[in-house]
Amino acid sequence: MKGSKILLVDDEIVFTTNMSRLLVNRGYQVTAVNSGDAAVQELEKDDFDVVVLDLKMPGMDGIATLKEIKKLDLFTQTLILTGHGSIDSALDAVRLGAYDYLTKPCEIDDLVSKIECAWQKKDEHVKEEMQENVQKIIESPHSVFDLYPSKDKKK
Amino acid sequence: MNGHEIHTMTPDITLNPPEKNSYRYLFRRFTLLTVVCSIVPLLLVGWGLNIHYTYFAQTRIVNAFEEQVANHGRFIEQFLREQSTKLRLVADTHSKKDLRQPGSLMNIFETMNREQPYIMDLGVIDQLGNHLAYIGPYDLLDKVYFHEDWFKQVMQKGLYISDMFMGFRQEPHFIIAVLRREGDDQWILRATINTRVFRTLVENMRIGETGEVYLVNTQGVYQTTPRFGGSIMDQADVAVEPFKDPVSVEVFKKNNTSPFSGQVVGRYWLTHPEWMLVVKQARSETFEEMDRARFVNLVFLHLSALSILVAAIFITRYMVGIIRKRDDHAARLNNQLMQASKLASIGELSAGVAHEINNPVAIIMTERQLLLDQFQQTTIEDPAFKDQFLSSMDQIAVQSQRCKRITHNLLRFSRRTRSMIESIDLNRFVAEVVDLMERETKTSGIRLLTDLDPDLPAIQSDSSQLQQVFLNLITNAVDAHEGKPYGSIRISTRYDADARGIFLSIADTGTGIDSKHLDRIFDPFFTTKPVGKGTGLGLSICYSIIRQLKGNITVKSEPGEGTEFIIFLPLTLKEKENGESGQSGPDKTSDPSM
């Protein structure tokens, strides 16, 4: 969906720069970072709909970053974008809770369609959660403060 | 198969099975060892026993022979003593007067000869040597013996047994004489022993076909006629030496210069008279039974040794055969191991290279996309530039995809990709592949023919991997027709119920593979294509995939005639692999662990 917030994580600066521009051209709000640490910091600061994550990075690699993201317990969906060499790690990442994966090099259209799917998934999650919460509030109005300790985080 | 031009000469350290000669050496060593360990002890024991037996048997036979000789000697002595005793009895119980009476001597003669005609004649002689009375076949009454040797001896000794002599009758004979003293008067009773009867008596001994018995006196003169050569009273050609023991047996070996060569000789000294009894027999006859037993023993011994030798040779040959088979097997395994480790190490390398290439290619793709985005937002008047730009962009996309395919191949080769195992109808699969390739082959003038087994069961395998194998092999087959105006590629399938699998063959009519290259075609980076045409990975990938799918790939080629690749695929994979194919999302996975 146009206007979705994307966090692009890849150690190749040229790649993130180009990809940001392509995604911006397609109506997304893109933040590009070049390391796992930076990605986690960004996620702590701001809300994103989809994270596009490279697996092979110096320092904190994609899998470690994914684990950190999971710890933050967000609605944000993660897409793995990897060199072909690490499909097995990509599958591991999916097992750890990433939404899907794509192999480099990929067509921008493929990436966009995956982002859309991920966004939908996130949207569904948010809606489900909200419905559940509304149900809970109806049943017990006092629980409203427990359910929303912060704005966009799951309980 | 396209792209790279790396020609890596991986050192071909194949463990060849040991040389043929070394097996021959092993065979010789084993045989020798067996022979030394079994035949030599057998022969030693056999020969030892044989020598011991020979010694034992020979001693016994010689002892028996000696006993026989001694007994016979004593028998002859006994006979002579008996005759002497009889004469002595007659002389002592009769007076000269009695014996001179007509008929008296005749009576005595007949009485003495009642059992056997031992005595030839009997005579009474006075002290002057005159014949007083005589009974016998010769006319000897008027003979005077005063000067005869025997007469002197008997006058001196009282009893005398003479050697053989001719005497007045001019025939070989010997006498026994006793002296009788009657007051002042002395007279002699003399008897001549029947030579024929005496000889029979002497020779009355079991001595076989080759034996002879005779007597010689101290001068070496025959006292009886020997059986072979010589006659009574002749000089025997043996030296007569007095010996200490009364009886002796000597065994003479053959080729001896002695007249007794090859004979067993027993000797016995008679005390009175001093005659030597000689008993001779051919050695071969004496020891006949012993020799036969020895011969049979040795024949059995050597037959046993021979049978052990034959058995040793057969067992050794069998064992060396087994060793050779094991060696071959080990060498094959080693070759496979080498191949596998080569593939593995190159796989590692490939995975890294592929990853490194994918990143720049991804950037190129994004750059292209950026340009395209920019291009769409820009108004460009020049249609020629527009066309060129778009076609260049397409070409960049095509070449990037090609790069992706190459890295994809490399990664497949490195087995990093996971396979998805599904049920495949190979016939339909082949038809699809043929469809895919037909356009390309037609332009090269090559016909694709299929010969498919209609009763082919479905197999459990990975279709995308198999597709890659077939495409590789068909591309190779097409390339093999380079320089030929036309040709054909025949793809056939056949179900083998015994092997529980399917044989798939791809045979082309191309240029074939040089036999010196046949061993290496599955090696990674081995290619005969010109630089820049082939990576040398195609067949290596095929090999790796087919092995991964528990199958087997073999090649037959005739240079100039064509090449046939035969792939065996099992109906099911024994060890189920976790199935997952490259591009599928998590919702499509068939991996049970996920």
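The values are calculated or read from the model by the stated rules, or taken from the named source; none is laboratory data. Since the structure is predicted, the reported quantities are computational estimates derived from the model, not experimental observations. Neighbour counts run over all protein chains shown; Cβ positions are idealised from the backbone, glycine included. Just the protein is used for accessible areas: all its heavy atoms, side chains included, with ligands, DNA and RNA removed. Shrake-Rupley method; radii C 1.70, N 1.55, O 1.52, S 1.80 Å.
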B:Tyr134 long-range amide H proximity, modeled H, under 5 Å: B:Val124
If R0 = 22 Å, then A:Ser113 and B:Gln374, at their Cβ-Cβ distance, give a FRET efficiency to the nearest 0.05 of 0.50
Over all pairs of distinct alpha carbons, what does the Kirkwood formula give as the hydrodynamic radius of chain A, in Å? 16.1
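What number, rounded to the nearest 500 deg cm²/dmol, is the helix-based mean residue ellipticity at 222 nm of the protein assembly as shown, given -39500 (n - 2.57) per DSSP H run of at least four residues and division by all its residues? Don't jump to the answer; show the numbers that get you there.
On the way: 19 runs with 354 residues, N = 749.
That comes out to -16000 deg cm²/dmol.
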Estimated dipole of the protein assembly as shown in Debye, rounded to 20 [Cβ of Lys and Arg +1, of Asp and Glu -1, Cα centre]: 2440
In whole Hz, with x marking every Gly and Pro, tabulate ³J(HN,Hα) for the stretch B:137-147 from phi via Karplus 6.51 cos²θ - 1.76 cosθ + 1.60, θ = phi - 60°. x, 9, 9, 10, 4, 8, 6, 10, 9, 3, 9
Leaving out ligands and nucleic acids, and using a 1.4 Å probe, what accessible area per residue does the stretch B:69-203 come to in Å²? 49
If you take every residue apart from A:Val30 with its C-beta less than 10 Å away from the C-beta of A:Val30, what net charge results, scoring Lys and Arg +1 and Asp and Glu -1? +3
Rank B:Ala70, B:Val124, B:Trp47 by how far each Cα sits towards the positive end of the charge dipole of the protein assembly as shown (+1 on Lys, Arg Cβ; -1 on Asp, Glu Cβ) and give me just the farthest. B:Val124
Would you kindly calculate the mean projected area, averaged across all directions, of the convex hull enclosing the Cα atoms of the stretch B:89-225, in square nanometres? 9.4
Measuring from a point 7 Å past the Cα of A:Ala64 along Cα-to-C-beta, which residues in the stretch A:21-50 have an amide N at less than 11 Å? A:36-37
Computed FRET efficiency, Cβ-Cβ of B:Asn130 and B:Phe295, R0 60 Å: what is it to the nearest 0.05? 0.35
In nanometres, the difference between 0.36 nm per residue of separation and the alpha-carbon distance of B:Asn21 and B:Glu432 is 142.6 nm
Using θ = phi - 60° and the Karplus curve 6.51 cos²θ - 1.76 cosθ + 1.60, what whole-Hz ³J(HN,Hα) does each residue of the stretch B:160-166 get, with Gly and Pro shown as x? 9, 10, 7, 6, 5, 8, 8
Would you grab the residues whose amide H sits under 5 Å from the one on B:Asp121? Only those 5+ places off in sequence or on another chain, please, with H modelled 1.01 Å from N. B:Thr192
Using alpha carbon centroids, what distance separates the stretch B:77-139 and the stretch A:44-94, in Å? 154
If packing is taken as the mean number of other Cβ atoms within 10 Å per residue, what is the order of B:305-317, A:27-39, B:187-199, highest first? B:187-199, A:27-39, B:305-317
One checks the Cα atoms of the stretch B:73-144 and finds Rg and Dmax, in Å, of 12.9, 38
Two pseudo-spin positions, 7 Å from Cα along C-beta at A:Lys45 and at B:Ser391, lie apart in nanometres by 4.8
Give, ordered by residue number, each residue of the stretch B:357-379 whose 1.4 Å probe accessible area is reduced by a minimum of 40 Å² on adding the remaining protein chains to the chain alone. B:Asn358, B:Asn359, B:Ala362, B:Ile363, B:Met365, B:Thr366, B:Gln369, B:Leu370, B:Asp373
Which whole-percent values make up P(r) of chain B when all C-alpha to C-alpha distances are grouped in 10 Å steps starting at zero? 3, 11, 13, 11, 7, 5, 4, 4, 4, 5, 6, 6, 6, 6, 4, 2, 1, 1, 0, 0
Need the full-extension length gain, B:Gln467 to B:Leu141, defined as separation in residues times 0.36 nm minus the C-alpha distance. One decimal, nm. 102.9 nm
Of the listed links A:Lys45/A:Lys104; B:Lys157/B:Lys280; B:Lys325/B:Lys516, those spanning more than 31 angstrom between alpha carbons are B:Lys157/B:Lys280
Counting residues in the stretch B:323-387 as N, plug N into 2.2 N^0.38 Å and put the Cα Rg over that result. 2.42
Report, in whole Å, the centroid distance computed from the Cα atoms of the stretch B:270-320 and the stretch A:120-137. 114
Size of charge dipole - the stretch A:5-122 - debye, nearest 20, with Cβ of Lys, Arg +1 and Asp, Glu -1, no other charges: 200
Write down the radius of gyration of the stretch B:203-286 and its Dmax, each obtained from C-alpha positions, in Å. 12.2, 36
Can you give me the % of accessible surface on the protein assembly as shown that is carbon or sulfur? Probe 1.4 Å, all protein chains present, nothing else counted. 54
For the stretch B:164-222 and the stretch B:323-351, distance of Cα centres in Å: 106
If each of A:Lys136 and B:Glu250 carries a label point 7 Å out from its Cα toward its Cβ, how far apart are those two points in nm? 13.6
Let me have the relative contact order for the stretch B:203-286, percent, based on Cα pairs under 8 Å that are six or more residues apart. 30
Within 10 Å of each Cβ in peptide A:13-25, how many partner chain Cβ atoms are there on average? Round it to a whole number, please. 4
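How would you order B:369-380, B:548-559, A:102-113, B:118-129 from highest to lowest mean count of nearby Cβ atoms within 10 Å?
Those peptides, ordered most packed to least, come out B:118-129, A:102-113, B:548-559, B:369-380.
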Fraction of antiparallel bridges per DSSP, the protein assembly as shown only, in percent to nearest 5: 75
Highest to lowest packing among B:382-391, A:119-128, A:54-63, scored as the average C-beta count within 10 Å: A:54-63, A:119-128, B:382-391
Suppose the Debye formula is applied to equal point scatterers at every Cα of the protein assembly as shown; what is log10 I(q)/I(0) at q = 0.05 Å⁻¹? -0.55
Let me know the mean shielding of A:107-116 by other chains, meaning the per-residue number of their Cβ atoms within 10 Å of its Cβ. 2
Pull up all non-local amide H partners of B:Arg447: gap of 5 or more, or a different chain, and H-to-H distance under 5 Å with H placed in the peptide plane. B:Gly487, B:Ser488, B:Ile489
Taking the simple approach of a point 7 Å from Cα along Cα-to-Cβ for both B:Ser423 and B:Ile315, what is their distance in nm? 5.7
Principal axis box of the stretch B:154-270, alpha-carbon based, largest edge first, Å: 62, 31, 24
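Averaged over peptide A:94-105, how many Cβ atoms belonging to another chain are found within 10 Å of each residue's Cβ?
5
Accessible area lost on pairing B with A, both sides, 1.4 Å probe, Å² to nearest 100?
Interface area, both chains combined: 2800 Å², rounded to the nearest 100.
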